[in-house]
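A.B. asks: Just dropping this structure here.
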Amino acid sequence: MKLSGMELLRVRMPLVAPFRTSFGTQEARELLLVRAVTPTGEGWGECVALADPHYSSEYLDGAEHILRDYLVPALLRAQEVTAHKVAPLLAPVKGHRMAKAALEMAVLDAELRACGTSFATALGSTKDSVPCGVSVGIMDSIPRLLDVVGTYLDAGYVRIKLKIEPGWDVEPVRAVRERFGDDILLQVDANTAYTLSDVPQLKRLDPFGLLLIEQPLEEEDVRGHAELARNITTPICLDESIVSARSAADAIALGACRIVNIKPGRVGGYLEARRVHDVCAAHGVPVWCGGMLETGLGRAGNLALASLPGFTLPGDTSASDRFYRTDITEPFVLDAGHLPVPSGPGLGVAPIPEALAEVTTAKAWLRS
Ligand SMILES: O=C(O)CCC(=O)N[C@@H](C(=O)O)c1ccccc1
């Protein structure tokens, strides 16, 4: 299809509570939405880059610039754009996976809406709903942490993920185990906060029966993760390190991880996310779907992805109210610890105009 134009929308959504990780505290989620307009309709994409380059090298203003000045013009110049052609068309631009992913998502949504096919069907879904875990930030105190974990367990979440960092790791895990028992599914996420000199401290997590420890070392230290894996029993899961199907294959071959967190934005889009899933499945490596504080648009796409057969661990795709008082789409509401996989054409959801207008801080229309 030929694109008529693309709209970039800057959005700012307040969080229901500050969300603290080893790389900073989020009070609000600033993000970029992309609306692809075609002669027959439109499609929505969401760029998951954070406002600052602390999760990865991408950041919001940079993503907006590369989209406006390089990536969107490349697609508008093309006579025929389909979702599978987006990556090749954008290949001359190195990197910028999150920005590229947003464009591919918008084109894929437009394409699938036009032919009445859901993301779930297009990606190879085998489930109508997915079990939901929840991510718990670093808290001011252990009692506060236990209150928050208790609230999420009462809400029905089937897995708890605790953000950790040096100085907030063994004690919070021990406290959660002592309060809620050994049966709750529990994992931790370090967001690259440790080094190999921390092996003794990380070994102290081994007795707690964690599902996994996520990204303990820095993104590029794949061999370091393999060395760490030889020294602790908690399975290592990679997040920031896995930027493509190729990097997943390399990490698995090096013994750097036994589990992979797949985030479509981090790997360059839902089509590459499917390839990461396939590579992991071929190696018997379980995967789960991570989160980047997405709106209901990204949440919808992530639920479709999380319903593929290799997604055998609960992911971070929580209900809309985990982060937002008001979502820009109809809210995703937890039902017995599960969320439904959208079945409508494309993403199956769309922004509610009034809700979107409420949080939109800037718009730019780029035409062919
Ligand atoms: O459920 C969610 O969307 C958040 C899941 C989560 O903890 N994401 C983390 C991460 O590093 O994986 C994060 C993303 C963005 C910003 C802060 C933290």
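A.B. asks: Just to be sure I understand, how many residues within segment 59-89 are over 23 Å from Met292 (Cα atoms) and open to solvent by less than 10 Å² (accessible area, probe 1.4 Å)?
C.D. replies: Selection size over segment 59-89: 2.
A.B. asks: Still on this structure: Go through the residues of segment 282-293 one by one and say whether even a single one is at positive phi and within 16 Å of the ligand (Cβ to nearest atom). Break it down into steps so the answer makes sense when it comes.
C.D. replies: Of segment 282-293, the ones at positive phi are 284, 293.
Then keep just the ones that are within 16 Å of the ligand (Cβ to nearest atom); that gives 293.
Taking every residue of segment 282-293 in turn, at least one turns out to be at positive phi and within 16 Å of the ligand (Cβ to nearest atom).
A.B. asks: A further question on this structure: For Phe332, indicate whether it is aromatic (Phe, Trp, Tyr), without any contact (Cβ under 8 Å) to a residue 40 or more places away in the chain and not assigned by TED's automatic domain parsing to the domain that holds Leu15.
C.D. replies: Considered against the rule, which asks whether it is aromatic (Phe, Trp, Tyr), without any contact (Cβ under 8 Å) to a residue 40 or more places away in the chain and not assigned by TED's automatic domain parsing to the domain that holds Leu15, Phe332 comes out as yes.
A.B. asks: Please work out which residue is farthest from the ligand (Cβ to nearest atom), limiting yourself to segment 189-238 and to residues that are of a type in the set (Ser, Thr, Tyr) and either touching a residue at least 40 places away in the same chain (Cβ under 8 Å) or closer than 21 Å to Arg177 by Cα (or both).
C.D. replies: Residue satisfying both the conditions and the ranking: Thr233.
A.B. asks: Could you check, for segment 12-26, whether at least one of its residues is closer than 19 Å to Lys263 by Cβ and away from the ligand (no atom under 16 Å from the Cβ)?
C.D. replies: Looking for residues that are closer than 19 Å to Lys263 by Cβ and away from the ligand (no atom under 16 Å from the Cβ), one finds none in segment 12-26, hence no.
A.B. asks: Just to be sure before I move on: is Ser241 within 16 Å of the ligand (Cβ to nearest atom) and either open to solvent by 10 Å² or more (accessible area, probe 1.4 Å) or under 28 Å from Arg204 (Cα atoms) (or both) in the structure I sent?
C.D. replies: Judged against the criteria, Ser241 is a match.
A.B. asks: With segment 278-368 as the region, which strands (runs of 3 or more DSSP E) entirely inside it contain at least 1 residues that are farther than 30 Å from Lys2 by Cα and under 17 Å from the mean Cα position of the chain (by Cα)?
C.D. replies: The qualifying strands (runs of 3 or more DSSP E) are 287-289, 338-340.
A.B. asks: Only one of (1) surrounded by 15 or more Cβ atoms within 10 Å (Cβ to Cβ); (2) under 21 Å from the mean Cα position of the chain (by Cα) fails for Asp128. Which number is that?
C.D. replies: Unmet for Asp128, out of (1) surrounded by 15 or more Cβ atoms within 10 Å (Cβ to Cβ); (2) under 21 Å from the mean Cα position of the chain (by Cα): (1).
This table checks each residue for (1) within 28 Å of Leu9 (Cα to Cα); (2) within 13 Å of the ligand (Cβ to nearest atom); (3) surrounded by 23 or more Cβ atoms within 10 Å (Cβ to Cβ).
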position: Ala304; (1), (2), (3): yes, no, yes
position: Leu313; (1), (2), (3): no, no, no
position: Ser320; (1), (2), (3): yes, yes, no
position: Leu339; (1), (2), (3): yes, yes, yes
position: Leu347; (1), (2), (3): yes, no, yes
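A.B. asks: I'm told Ala122 meets every condition in (1) within 15 Å of the ligand (Cβ to nearest atom); (2) among the small types (Gly, Ala, Ser); (3) open to solvent by 20 Å² or more (accessible area, probe 1.4 Å) except one. Can you identify the failing condition by its number?
C.D. replies: Only one criterion is unmet by Ala122, namely (1).
The values are calculated or read from the model by the stated rules, or taken from the named source; none is laboratory data. All figures in this text were calculated on a predicted structure; none of them were measured in a lab. Cβ atoms come from the backbone with ideal geometry, glycine included; neighbour counts cover every protein chain shown. Protein only, heavy atoms only, side chains kept; ligands, DNA and RNA dropped before computing areas. Shrake-Rupley method; radii C 1.70, N 1.55, O 1.52, S 1.80 Å.
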